[in-house]
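Structure first, then comments.
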Amino acid sequence: MATVTPPIPPALAQALAQARRVAVFTGAGVSAESGISTFRDPLSGLWSRFDARALATPEAFAAQPDLVWGWYEWRRAQVARAVPNAAHRAIAALARLVPGLALITQNVDNLHERAGSEGVIHLHGSLHAPRCSACGQAASFTAAPADEPAEGRAIAPPACGHCGAPIRPGVVWFGESLPAQAWQTALAAAGDCDLFLSIGTSALVYPAAELPLRALRAGATVAQVNPAATPLDARAHFNLRGAAADVMPRLLAAAGF
Ligand code: BJW
Ligand code: ZN
C-alpha cells in the first residue's frame, strides 16, 4: 500500500533509546506485508469484500456455523502459508533489547510468535485456539488445514469431544468481551509505559482503541506507524506515515539498536 519512507524523528529515536518500559500495540497492518488482508483498507480489506455481521458475530455463527467455520479455515490456511515480515522481526528484536516491553496485538494470526516474540497479549483471540461454542473446552488442532479451503466454501465445524456442540473459532467477535486477563494486562502495560507504539491499526475498534488514550493520559510518549490517517493522529506525539516493515527496522537503527 505505502511507498513512502518517512524520516525517523530524532526525538522519537531518543525516546525509544531511553525508554525502560515500552508498550507495542499492533493491528492488521503489521501483517499486511506478509500478505494477510487487513479489515478496513478500502480496496483490500476483508470488510470491503465480506459482511462483518454475517461472519464475525456470535449470531452469525449460530445462524450459519458452516459458512463462518469455512471462512475462518480459509483465513487460517492463509496464515499458515504466510511468513513474518521485517516489522514482526523488528518488534521481536526490540523485546530482546528492552526487557520491559509488552507486546499487545489485536491480530488473530501467529506471526509475532513465529518471528520470535514471547508472551504476546492477544486481545482478540487467535485463529489457532478454537474452542467449544457451548462448554468452552479447548479443541486441540493447530496444524494447517489439510486441503486449502476455497474462499467462501462452507465447512461443517467439528463437534466438541466433551459435549458434542460445534467447535467455534477462538477469536473475539463483535459484541463479545475481550479475554479478561489479556485486557487487564494490556491496560496495566498502557498505563505504565514510557513509550507506546501503535503500529498498523485503524484505532477504531473499542475497547482496544482505549489503550493509546490511556497511555497518553498516563504521560507516555505515543507514536503511530501507519500509511493512512487514524483518529489517533491528532493526539499522538509522532505519526510516521509509512509501512511497518519499512519503518520499524529503521526506527530501531535510529535508536542505536
Ligand atoms: C498498515 C499497513 C502497513 C495497512 N503497515 N500499517 C465504543 C464506541 C463505538 C463502538 C463500540 C464501543 N465499544 C465497543 C463497541 C463495539 C465494537 C466496536 O468497537 N465497534 C467499532 C468498529 C465501531 N466492539 C466490540 O464489539 C468489542 N467487544 C466489546 O465491546 O465487548 C463489550 C460488550 C459485550 C457485550 C455486548 C456489548 C459490548 C469486540 C471487538 C472485537 C473485534 N473483532 C475483530 C474480528 C476478530 C476476528 C477475526 O479476525 O475475524 O477484530 S473486528 C477486526 O477489527 C479484528 C481486528 O483485530 C480489529 C481491529 O482492526 P485493525 O487491526 O485496526 O485493522 P484495520 O483493518 O481496521 O486497520 C488496519 C490499519 O493498518 C489501517 O489503518 C491501515 O492504514 C494500516 N495499514 N497497511 C502499517 N503495511
Ligand atoms: Zn463442549
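The values are calculated or read from the model by the stated rules, or taken from the named source; none is laboratory data. The shown structure was predicted, so the numbers you read here are calculated from the model rather than taken from an experiment. Cβ atoms come from the backbone with ideal geometry, glycine included; neighbour counts cover every protein chain shown. Surface areas here come from the heavy atoms of the whole protein model, side chains and all, with no ligands, DNA or RNA. Shrake-Rupley method; radii C 1.70, N 1.55, O 1.52, S 1.80 Å.
Some observations on this one:
- Summed side-chain charge close to ARG131 - residues other than ARG131 whose Cβ falls under 14 Å, Lys, Arg +1, Asp, Glu -1: 0
- Per residue, segment 156-257 exposes an accessible area of 41 Å² to a 1.4 Å probe, with every protein chain left in place.
- Under DSSP loop assignment and at most 15 Cβ neighbours within 10 Å, longest GluC sites (Glu not before Pro)-free interval of the chain: 1-117
- Counting DSSP beta bridges with both ends in the chain, the antiparallel % (nearest 5): 20 percent
- Here the Debye sum runs over all C-alpha atoms of segment 113-257 as equal scatterers in vacuum, and log10 of I(q)/I(0) at q = 0.15 Å⁻¹ comes out as -0.95.
- Relative intensity, log₁₀ I(q)/I(0), of segment 73-141 from a Debye sum that treats every alpha carbon as a point, q = 0.14, 0.15 Å⁻¹: -0.49, -0.55
- Highest average first, the peptides 102-112, 11-21, 86-96 ordered by how many other beta carbon atoms sit within 10 Å of their residues are 102-112, 86-96, 11-21.
- Surface share of carbon and sulfur [accessible, 1.4 angstrom probe, percent] for the chain: 54 percent
- HN-Hα J in Hz across segment 116-124 - Karplus 6.51, -1.76, 1.60, θ = phi - 60°, x for Gly and Pro: x, 6, 10, x, 5, 8, 9, 6, 10
- Across all C-alpha atoms in the chain, the radius of gyration and Dmax reach 18.4, 58 Å.
- The chain, helix-only ellipticity at 222 nm - DSSP H runs n ≥ 4, -39,500 (n - 2.57), divided by all residues, nearest 500: -9500 deg cm²/dmol
- Nonlocal amide H pairs with VAL222, under 5 Å, H built at 1.01 Å: PHE196, HIS237, PHE238
- Full-extension gain in nm, THR5 to ALA159, via 0.36 nm per residue minus C-alpha separation: 50.6 nm
- Sequence-distant residues sharing a close amide H with VAL171 (under 5 Å, placed H): SER126
- Derived from the Cα gyration tensor, the three semi-axes of the equivalent ellipsoid of segment 33-178 are 27, 18, 15 Å, largest first.
- Taking the inverse of the mean reciprocal distance over all distinct Cα pairs, the Kirkwood hydrodynamic radius of segment 191-257 comes to 12.2 Å.
- Å² per residue, accessible surface of segment 54-117 at 1.4 Å: 35 Å²
- Modelled this way, with points 7 Å down the Cα-to-C-beta line, the labels at PHE174 and HIS237 are 3.6 nm from one another.
- Förster radius 25 Å - calculated FRET efficiency between PHE257 and ARG21, Cβ distance, rounded to 0.05: 0.95
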